[in-house]
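Participant: Attaching a single structure in structure tokens format; questions to follow.
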Number of protein chains: 2
Amino acid sequence: MTYDEFSLIRRWTSRSAGQTGDGLSVGIGDDAAVFSLPADREVVACCDAMVETVHFLKETMNPSDIGYKAVISNISDVAAMGGIPKYALISIAVSPNWTAEECQQIYDGIYAACEAYGVRVIGGDTVSSPAALSLSVTVMGEVEKGRALLRSAAKPGQLVFVTGHVGGSAAGLDLLLQTAKTGEAVEEMWQPLVAFHQRPVAQVAAGRILAASANPGALNDVSDGLASELWEISEASGVCLRIEAELIPVAETTRMYASHKGKDPLHWALYGGEDYQLAGTIEAVEEERIGALFAQQGIPFTVIGRVEAGGPSVVMNRNSRWEPVAKAGFNHFGKADARKG
Amino acid sequence: MTYDEFSLIRRWTSRSAGQTGDGLSVGIGDDAAVFSLPADREVVACCDAMVETVHFLKETMNPSDIGYKAVISNISDVAAMGGIPKYALISIAVSPNWTAEECQQIYDGIYAACEAYGVRVIGGDTVSSPAALSLSVTVMGEVEKGRALLRSAAKPGQLVFVTGHVGGSAAGLDLLLQTAKTGEAVEEMWQPLVAFHQRPVAQVAAGRILAASANPGALNDVSDGLASELWEISEASGVCLRIEAELIPVAETTRMYASHKGKDPLHWALYGGEDYQLAGTIEAVEEERIGALFAQQGIPFTVIGRVEAGGPSVVMNRNSRWEPVAKAGFNHFGKADARKG
């Protein structure tokens, strides 16, 4: 991009300029944004970065998908605290291999994700980068004071659950990397996998149901794979999580594609990541009530195991044999990458 | 860096882990941080990115300076709203030309800046980058409800002021680029210029004095050069700013170095940037009172002109001739770069 094209983008992102009201006192266009929350709420804040060649390739993600997913990964973190996402700051570093039009499409994706979840873009920074495009998104939201859902709240006797289905994003990546290599179009039957990878859903409503529980358990979002997320809960809570392989929810298309490719769908579920489902624990007596609330919202909800004293450890029963679950996470393209601090 | 080194950094950044209290409910170590502010406060939030080769070179900035300055540029934005900085999220993308030790030094600088201004690191993301290190920092702070200082509050009859001195960071960059080229050590007499460039000061106390005014004017921080900042105030407020060249505060060392190099110190002051001083407007009747408060805090405060109806425009009286001030900003190394949205 040239300097003039940068000005275009700057103007384009200013479509949020001057928007205030509903708690927002100052939006885009000053040194910083200013907002307030109701007196009974706390601020929930998180930040996730996505870098070209490390987290995505031009071959596997449309520009608008890149923007969309960068926002979703942060909204998902707010959901995993039981919060409501409200505001976003967008920091983008653009390298010369991206056109102004592609950047506008990235912002289209950013705004599409924000609008879908009631989030307002209130600031950010647009700079150039010598070699790879990177996108760092901060999302701020709110949660009732003292009600944020923590990884450390798992207790022996509770049940382990996961929302939706997992492994689909990794299956989609496998498919997209292959079609990028061969130049073939994606077959109709595998289209759902593309959506799992490019347009994930953040489970905000699920987080809100769990945050309303009088006796909540632990919660995490599946950004790095179910194994990694369960390990984080196990370590933060000092408990052992015992899960059943056959209960882990994997979409039918994911299973079919794995079978077609001779791969193990459970591996994608455990170590794939970017599914942005919620995984956590609930009191056993809450199973029926919470299951009914999830059903009302149309969100699949699956109990996959239970919490026991001991650990930290995560073990899985597969074909009647208990095996340890490796503490491994997502590694997109075989390159070094560290997970969230 | 290798994957193992990334783990080191991850562990190292977790030195804030588990820190809570004084409004912070959840710090580093969960999906998101959670904090609350007093009921009479709003949240001030901003985000600034710095990219290797675009905003800094290894030759001109020590790793710890890079971390320090990335935090200061955000604290300065909070100061320019009249706010108190409180919390930071750190997003870093590390390229292979950086060692784990250098990354630790970057974090040393980040923590040093945060500690100097009472800011707590509450989260972030550490990822890899194929080619250039980039650092995106989000700082969140607080300001009394309805009291944030805006660029749009300049009114005819007010005075234009700037804190501290300007142009020193650009002089320091000129010096550091030269010594990087020649390999010479920096002469003792020019050392202050190095500090102006590498270790800028954010004017939080100055912003607080201005925010306490019953009838506040406009405020901006000098990140892109005085010309750019005054133009932003002029455009946001719809006024003409008339400034006097000879009143613009330039440090004696900056003047001497400019003279030594045959350069115009005023050019650095207007178009250099990264001085992180505050520039703004105040009511004329407030000049004495506010000047005394700044003097008490030891912060230089200089009236450099006045606000008139008309515009938007910025004009400067130099040697008894009025000339337009160009709407140009900072451009570190001659590469395209866009300013904050």
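Participant: Answer with yes or no whether residue A:241 is within 15 Å of residue A:303 (Cβ to Cβ), touching an Asp or Glu at 6+ places or on another chain (Cβ under 6 Å) and modelled with pLDDT of 95 or more. Walk me through it before giving the result.
Facilitator: Details: within 15 Å of residue A:303 (Cβ to Cβ): yes; touching an Asp or Glu at 6+ places or on another chain (Cβ under 6 Å): no; modelled with pLDDT of 95 or more: yes.
Against the criterion (within 15 Å of residue A:303 (Cβ to Cβ), touching an Asp or Glu at 6+ places or on another chain (Cβ under 6 Å) and modelled with pLDDT of 95 or more), residue A:241 does not qualify.
Participant: Determine, yes or no, whether residue A:213 is assigned to a loop (DSSP other than H, G, I, E, B), among the hydroxyl-bearing types (Ser, Thr, Tyr) and either crowded, with 18+ Cβ neighbours inside 10 Å or without any contact (Cβ under 8 Å) to a residue 24 or more places away in the chain (or both). If you could, list the steps in order and put the result at the bottom.
Facilitator: Details: assigned to a loop (DSSP other than H, G, I, E, B): yes; among the hydroxyl-bearing types (Ser, Thr, Tyr): yes; either crowded, with 18+ Cβ neighbours inside 10 Å or without any contact (Cβ under 8 Å) to a residue 24 or more places away in the chain (or both): no.
No: the conditions fail for residue A:213.
So that you can scan it fast, the table gives a plain yes or no per residue for (1) within 8 Å of another protein chain (Cβ to nearest Cβ); (2) surrounded by fewer than 24 Cβ atoms within 10 Å (Cβ to Cβ); (3) in contact (Cβ under 8 Å) with a residue 12 or more places away in the chain; (4) in a loop (DSSP other than H, G, I, E, B):
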site	(1), (2), (3), (4)
A:25	yes, yes, no, no
A:51	yes, no, yes, no
A:65	no, yes, yes, no
A:74	no, no, yes, no
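Participant: Follow-up question, since we're still on this one. Has region B:47-70 got any residue that is farther than 30 Å from residue B:175 by Cβ and small (Gly, Ala, Ser)?
Facilitator: No, region B:47-70 contains no residue that is farther than 30 Å from residue B:175 by Cβ and small (Gly, Ala, Ser).
Participant: Identify all residues within region B:282-305 that are under 20 Å from residue B:153 (Cβ atoms) and in contact with a helix residue (DSSP H, G or I) (Cβ under 8 Å, 6 or more places away or on another chain); write none if there are none.
Facilitator: B:282, B:290, B:293, B:294, B:301, B:302, B:303, B:304, B:305
Participant: Looking at region A:186-203, is at least one residue within 14 Å of chain B (Cβ to nearest Cβ) and touching a residue at least 60 places away in the same chain (Cβ under 8 Å)?
Facilitator: So the first thing to find is which residues in region A:186-203 are within 14 Å of chain B (Cβ to nearest Cβ), and the list is A:202-203.
Still in the running and touching a residue at least 60 places away in the same chain (Cβ under 8 Å): A:202-203.
The answer is yes; a qualifying residue exists.
Participant: Inside region A:270-323, can you point out the residues that are in contact with a Gly (Cβ under 9 Å, 6 or more places away or on another chain), among the hydroxyl-bearing types (Ser, Thr, Tyr) and farther than 24 Å from residue A:113 by Cβ?
Facilitator: Once the filter is applied, which keeps residues that are in contact with a Gly (Cβ under 9 Å, 6 or more places away or on another chain), among the hydroxyl-bearing types (Ser, Thr, Tyr) and farther than 24 Å from residue A:113 by Cβ, region A:270-323 yields A:271, A:281, A:302.
Participant: Going by what's in this entry, would residue A:228 be described as closer than 22 Å to residue A:167 by Cβ and among the polar types (S, T, N, Q)?
Facilitator: Yes: the conditions hold for residue A:228.
Participant: Another one. Yes or no: residue A:289 among the basic types (Lys, Arg), modelled with pLDDT of 95 or more, under 21 Å from residue A:210 (Cα atoms) and exposed (fewer than 15 other Cβ atoms within 10 Å of the Cβ)?
Facilitator: Against the criterion (among the basic types (Lys, Arg), modelled with pLDDT of 95 or more, under 21 Å from residue A:210 (Cα atoms) and exposed (fewer than 15 other Cβ atoms within 10 Å of the Cβ)), residue A:289 qualifies.
Participant: Do we have residue B:224 as crowded, with 21+ Cβ neighbours inside 10 Å and modelled with pLDDT under 95 here?
Facilitator: Here the answer is yes, as residue B:224 does meet what is asked.
Participant: Among the numbered criteria (1) closer than 23 Å to residue B:46 by Cα; (2) over 14 Å from the mean Cα position of the chain (by Cα); (3) not assigned by TED's automatic domain parsing to the domain that holds residue B:38, which single criterion is violated by residue B:125?
Facilitator: Condition not satisfied by residue B:125: (3).
Participant: Out of (1) of a type outside the set (Ser, Thr, Tyr); (2) in contact with a strand residue (DSSP E or B) (Cβ under 9 Å, 6 or more places away or on another chain); (3) on the phi < 0 side of the Ramachandran plot, what's the single condition that is false for residue A:118?
Facilitator: All conditions pass for residue A:118, except number (3).
Participant: Which of the residues that make up region A:93-134 are touching a residue at least 24 places away in the same chain (Cβ under 8 Å), outside any strand (DSSP E or B) and of a type in the set (Asp, Glu)?
Facilitator: A:102, A:108
Participant: Could you please give the count of residues in region B:27-49 that are at the interface with chain A (Cβ under 7 Å from one of its Cβ atoms) and not in a loop (DSSP other than H, G, I, E, B)?
Facilitator: Of the residues in that region, 13 qualify.
Participant: Output the number of residues of region B:140-181 satisfying the condition of being within 22 Å of residue B:42 (Cβ to Cβ) and in a helix (DSSP H, G or I).
Facilitator: 3
Participant: If a residue must be under 22 Å from the mean Cα position of the chain (by Cα) and either modelled with pLDDT under 95 or more than 30 Å from residue A:291 (Cα to Cα) (or both), how many such residues does region A:133-188 contain?
Facilitator: Within region A:133-188, residues that are under 22 Å from the mean Cα position of the chain (by Cα) and either modelled with pLDDT under 95 or more than 30 Å from residue A:291 (Cα to Cα) (or both) number 11.
Participant: Hey, can you tell me all the residues within region A:271-303 that are of a type in the set (A, V, I, L, M, F, W, C) and touching a strand residue (DSSP E or B) at 6+ places or on another chain (Cβ under 8 Å)?
Facilitator: If the condition is that a residue be of a type in the set (A, V, I, L, M, F, W, C) and touching a strand residue (DSSP E or B) at 6+ places or on another chain (Cβ under 8 Å), then A:278, A:279, A:282, A:284, A:290, A:294, A:295, A:299, A:301, A:303 are the ones that fit.
Participant: Could I ask something else about it? If I go through region A:77-112 residue by residue, how many of them are under 22 Å from residue A:33 (Cα atoms) and hydroxyl-bearing (Ser, Thr, Tyr)?
Facilitator: Looking only at that region, the number is 4.
Participant: Considering only region B:133-149, how many residues are surrounded by 24 or more Cβ atoms within 10 Å (Cβ to Cβ), out of contact with any helix residue (DSSP H, G or I) (no Cβ under 7 Å at 6 or more places or on another chain) and either of a type in the set (Phe, Trp, Tyr) or farther than 21 Å from residue B:114 by Cα (or both)?
Facilitator: 1
Participant: Name the residue that is farthest from residue A:141 (Cα to Cα), counting only residues in region A:76-92 that are at the interface with another protein chain (Cβ under 9 Å from one of its Cβ atoms) and outside any helix (DSSP H, G or I).
Facilitator: Within region A:76-92, the match that is farthest from residue A:141 (Cα to Cα) is A:92.
Participant: On to the next question. So if I check each of B:236, B:295, B:269, which one is in a helix (DSSP H, G or I), modelled with pLDDT of 95 or more and closer than 21 Å to residue B:170 by Cα?
Facilitator: B:269
Participant: For region A:54-88, name all the residues that are within 23 Å of residue A:195 (Cβ to Cβ) and β-branched (Val, Ile, Thr).
Facilitator: A:54, A:60, A:66, A:71, A:72, A:75, A:78 - these are the residues of region A:54-88 that are within 23 Å of residue A:195 (Cβ to Cβ) and β-branched (Val, Ile, Thr).
Participant: Would you pick out the residues in region A:53-63 that are more than 8 Å from every other protein chain (Cβ to nearest Cβ) and not β-branched (Val, Ile, Thr)?
Facilitator: Within region A:53-63, A:56, A:57, A:58, A:59, A:61, A:62, A:63 qualify.
Participant: Checking the structure you have, find out if any residue of region B:174-181 is free of Cβ contacts under 8 Å to residues at least 12 places away in the same chain and either among the hydroxyl-bearing types (Ser, Thr, Tyr) or within 30 Å of residue B:100 (Cβ to Cβ) (or both).
Facilitator: There is at least one residue in region B:174-181 that is free of Cβ contacts under 8 Å to residues at least 12 places away in the same chain and either among the hydroxyl-bearing types (Ser, Thr, Tyr) or within 30 Å of residue B:100 (Cβ to Cβ) (or both).
Participant: If you go through region A:182-192, how many residues are hydrophobic (A, V, I, L, M, F, W, C) and either surrounded by 15 or more Cβ atoms within 10 Å (Cβ to Cβ) or assigned to a helix (DSSP H, G or I) (or both)?
Facilitator: Residues meeting the conditions: 2.
The values are calculated or read from the model by the stated rules, or taken from the named source; none is laboratory data. Treat the numbers as computed from the prediction; the structure is a model and nothing was measured. Please note: Cβ atoms are built from the backbone with ideal geometry, for glycine as well, and neighbour counts cover all protein chains shown.
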